[in-house]
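The next block holds one structure in the form of structure tokens; read it before the comments.
The values are calculated or read from the model by the stated rules, or taken from the named source; none is laboratory data. Because the structure is a prediction, the values reported are computed rather than measured. Please note: Cβ atoms are built from the backbone with ideal geometry, for glycine as well, and neighbour counts cover all protein chains shown.
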Amino acid sequence: MISKKTAFFFLLPALVLIFIFLIFPAFWTLYYSLTDYSLLGASTEFIGVQNFINLFTSARFWNATILSFEFVFFSAIIGQAGVGLLLAMLFHRKSGWLKKLVRNLAVASWLIPAVVVAYAWAAFLDKEYGLLNQIIGIFGFTGIDWLNEVPMGSIIIFNIWRGAAFSMLLFTSALKTIPPSHFETADVVGASLWDKIKDIVLPQLKTFIGSDLALITLWTFNLFTPFLLTGGGPGRQTEILPIYTYFKAFKYMEFGLGAAISAVILFINLTLALVYLNYLKAE
Amino acid sequence: MKKYLVVLLSALLGIGLMASMAMAQDVPTLEIIANGVEGGKNAQEIAYYKEFLVPEFEKKMAEQGQEVNVEVIETGVPDERFKSRIVMDMKAGRGADIIGFDQFWLSEFVEAGLLKPLQYFDSNWDKWEGWDQYYTGIKNMMKFKGNMYGLMKGSDVRMIYYNKQLFREAGIDKWWAWQPDSWQELLDTARKLKEELPDVTPLQLNAGSKMGEATTMQGFYMAHLGTGGRIYDQGLGKWVGKSQDLLDTLELYKTIYVDENLGDADMQVAAKAREKTFEAFQNEEIAMLVEGTWFWTDVIDPDAAWGIRTRDAQIGWAAMPAKNPGEGINGQDFVSISGGTGWVPSPATDHPQLTWELLKFIGSYEGKMAYMDYKPGAVTARKDVAQNSPVTSENFFLGTVGPALAPVSTYRPGLEEYPKVSVEVQLLTEEVVTGTAPKKAMENYSKELAKIVGEDKVANKPLEE
């Protein structure tokens with residue numbers, strides 16, 4: 001039996017690393033959010049909550065916040081979790097090449113590095129040479145400039161495609177915990193797919209769905225990859241919070257304000273995490 | 001015997017090594033950084049450094065008994081990125097000895113303590129005979145609070161470029177020498193183009209933050225000066241938040257992009273907006289574009305990235321008219337605005353004296369004559385170069401534009417807050433071209449302005465009813 005002291009000793013290196021690289025920078029960021037630190041500022045001064053006042057009175061900040069919630073709701077909660085669950089259900093208790101193909105493609109889309117995926121999508125959606133418009137052209141329609149005309153829709157679809165695999169894998173394992181007899185009984189009485197989801201899957205997978213939503217919500221909230229597709233534009237139509245932070249902190253080099261936005265994101269993330277955790281606890 | 005030979009050889013090798021190390025220490029290296037890359041962005045500038053400046057300066061110094069190496073650091077990135085790179089270099093006390101520098105960064109850099117005046121590099125800096133040859137106005141673009149910080153390459157001016165071929169097809173009067181006298185005439189021409197050539201975008205006046213400073217200079221200022229307005233009121237010593245002139249400027253944007261679709265707003269706010277605009281102009285999809293002389297010399301030059309082979313015959317230019325004759329800034333009929341780039345020595349240099357020598361060589365008659373050959377600019381900094389360079393006399397465009405527009409041109413306010421205000425101006429135009437009502441957008445701008453410069457430094461002027 002290892003004593004608590006020894007255990008702590010073994011954990012110490014990890015704790016030190018976590019402190020140096022995660023906790024300390026987080027507090028450092030909170031400190032910076034109270035200053036006017038900028039790349040070209042002659043001196044850095046403590047300005048209290050002025051950055052936050054500036055943020056909360058800025059139309060651009062609210063635009064970014066609303067877009068972020070839209071993006072998370074449609075691409076993660078509805079999209080990734082929904083598509084993941086649907087795929088998992090369709091192939092539950094089935095085998096064959098189609099299942100393997102779809103699973104492998106879904107996992108591949110999740111494994112490829114984000115930058116590669118983003119460029120592949122930019123090529124796919126290109127107005128003149130993109131595959132999507134070529135396909136549409138075969139059917140006699142004229143393609144549109146997707147990233148410019150439906151920018152939010154494009155990055156939402158992109159993120160669903162990108163992330164559905166994770167939810168699918170999680171739900172595939174989760175479905176195995178449901179006794180097969182439940183599905184067999186359902187088949188005997190002729191229940192539809194929707195009936196099965198509603199009456200068997202959802203009630204029994206509540207906690208799995210909760211964990212899945214908690215993870216993908218936080219990931220999506222912090223996702224920066226859409227920048228590689230739209231650059232936050234056109235105009236400010238896809239300027240979600242991470243992109244807005246990037247502009248303030250690294251394009252205009254206002255680190256203090258950038259830190260303040262990061263602090264707000266941190267606060268939103270913590271709130272969401274707490275909500276999910278409470279839900280899971282209650283279950 | 002063999003033993004001796006080995007010892008002798010090692011000794012020789014040792015001496016040789018030490019000698020070469022000593023030599024390497026003796027020859028100082030100077031670095032020059034520019035936002036350009038061979039065969040890409042600002043390729044002519046890099047070619048000038050590599051083919052002329054480096055060998056010639058090394059030769060000249062060798063003749064004076066001073067060995068020196070000059071190295072060129074190439075970048076080729078968007079200007080904001082270049083700026084953050086040099087700031088980080090300078091804050092760390094490192095980086096190139098001479099920096100290619102946009103003049104409008106000066107006040108910000110000096111206030112941040114990143115630059116030192118020329119006397120830091122040489123106490124006799126003002127005795128340099130080259131100063132007499134510099135046009136005072138251009139020279140002083142590198143002056144801030146009484147100190148001189150570098151040398152200007154030259155200056156530029158802004159105007160409307162138009163495609164004569166498209167004008168001819170649309171049946172515009174005097175398509176070969178078109179010149180509008182008011183916004184009304186400019187808009188009427190655009191309307192006619194739209195009617196006759198529905199596939200062509202009649203007029204692009206830069207807007208939006210994707211265009212960066214090109215929006216403020218080539219778009220907003222060119223319209224705003226035509227109303228007699230300025231973003232900084234020198235007399236009051238305040239930034240202008242709301243004014244009738246500003247509203248009129250925004251109404252022009254609204255007419256062009258929202259009400260009548262005379263311009264393509266999507267192109268303005270798209271990612272890579274500027275590159276897309278250049279490409280569209282090259283492909284004859286834009287009839288009129290407000291741009292600077294850099295556009296002519298570096299973008300649509302037949303050999304440049306978006307080159308137009310028949311540029312000289314096909315592309316014409318017109319001065320930007322005031323809203324109505326006489327309503328422009330200083331009561332002018334036509335307006336323009338100038339900026340420019342130059343070189344500053346970095347205080348981080350290990351060789352202040354040599355850096356100053358290199359700077360002087362760049363700014364010398366022979367240096368500037370060679371520069372003009374590689375990179376013809378509309379308004380050069382030196383009088384003797386302007387008089388003697390074959391480029392100015394041979395080149396009809398450069399020979400006429402500079403003299404015609406320099407007298408009506410003006411400058412950006414040389415204040416520390418300017419770059420931040422400029423970003424807000426870009427966002428202001430972006431809001432209007434994407435559909436926000438001008439009054440509402442101006443309201444937002446005024447608020448954001450107060451956050452940057454302080455409530456007490458903002459003037460909100462009464463509007464006409």
Legend entry - In region A:187-246, residue surrounded by the most Cβ atoms within 10 Å (Cβ to Cβ) [restricted to those that are part of a helix (DSSP H, G or I) and within 14 Å of chain B (Cβ to nearest Cβ)]: A:P226
Legend entry - Which numbered condition B:A313 misses (of (1) in the same structural domain as B:R168 (by TED's automatic domain parsing); (2) within 22 Å of the chain's Cα centre (by Cα); (3) aliphatic (A, V, I, L, M); (4) surrounded by fewer than 21 Cβ atoms within 10 Å (Cβ to Cβ)): (2)
Legend entry - Given (1) away from every other protein chain (no Cβ under 14 Å); (2) modelled with pLDDT of 90 or more; (3) assigned to a helix (DSSP H, G or I), index of the condition B:Q44 fails: (2)
Inset, instruction - Kindly check whether there is at least one residue in region B:424-435 that is more than 29 Å from B:V70 (Cβ to Cβ), modelled with pLDDT under 90 and either surrounded by fewer than 23 Cβ atoms within 10 Å (Cβ to Cβ) or not assigned by TED's automatic domain parsing to the domain that holds B:T255 (or both). - result: yes
Inset, instruction - Go through region B:271-323 and give me each residue that's over 22 Å from B:K375 (Cβ atoms) and among the small types (G, A, S). - result: B:A271, B:A273, B:A280, B:A287, B:A313, B:G316, B:A318, B:A319, B:A322
Inset, instruction - Considering each residue of region A:96-124, count those that are more than 24 Å from A:P226 (Cβ to Cβ) and either part of a helix (DSSP H, G or I) or of a type in the set (S, T, N, Q) (or both), and give that number. - result: 8
Inset, instruction - Answer yes or no: is there a residue in region A:260-281 that is in a helix (DSSP H, G or I), within 14 Å of chain B (Cβ to nearest Cβ), of a type in the set (G, A, S) and under 27 Å from B:S209 (Cα atoms). - result: yes
Legend entry - Top-ranked residue in region B:103-140 [being touching a helix residue (DSSP H, G or I) at 6+ places or on another chain (Cβ under 7 Å) and not in a helix (DSSP H, G or I); ranked as nearest to the other protein chains (Cβ to nearest Cβ)]: B:L114
Inset, instruction - Return yes when A:K127 is outside any helix (DSSP H, G or I), basic (K, R), within 14 Å of chain B (Cβ to nearest Cβ) and surrounded by fewer than 20 Cβ atoms within 10 Å (Cβ to Cβ) and no when it is not. - result: yes
Inset, instruction - Could you tell me whether region B:164-181 includes any residue that is within 26 Å of the chain's Cα centre (by Cα) and surrounded by 23 or more Cβ atoms within 10 Å (Cβ to Cβ)? - result: no
Inset, instruction - Select from region A:45-59 the residues that are within 11 Å of another protein chain (Cβ to nearest Cβ) and assigned to a loop (DSSP other than H, G, I, E, B) and list them in ascending order. - result: A:T57, A:S58
Inset, instruction - May I ask you to list the residues in region A:60-75 that are within 14 Å of chain B (Cβ to nearest Cβ) and surrounded by 14 or more Cβ atoms within 10 Å (Cβ to Cβ)? - result: A:R60, A:F61, A:N63, A:A64
Legend entry - Of all residues in region B:83-102 being surrounded by 19 or more Cβ atoms within 10 Å (Cβ to Cβ) and in a loop (DSSP other than H, G, I, E, B), the one that is farthest from the other protein chains (Cβ to nearest Cβ): B:D97
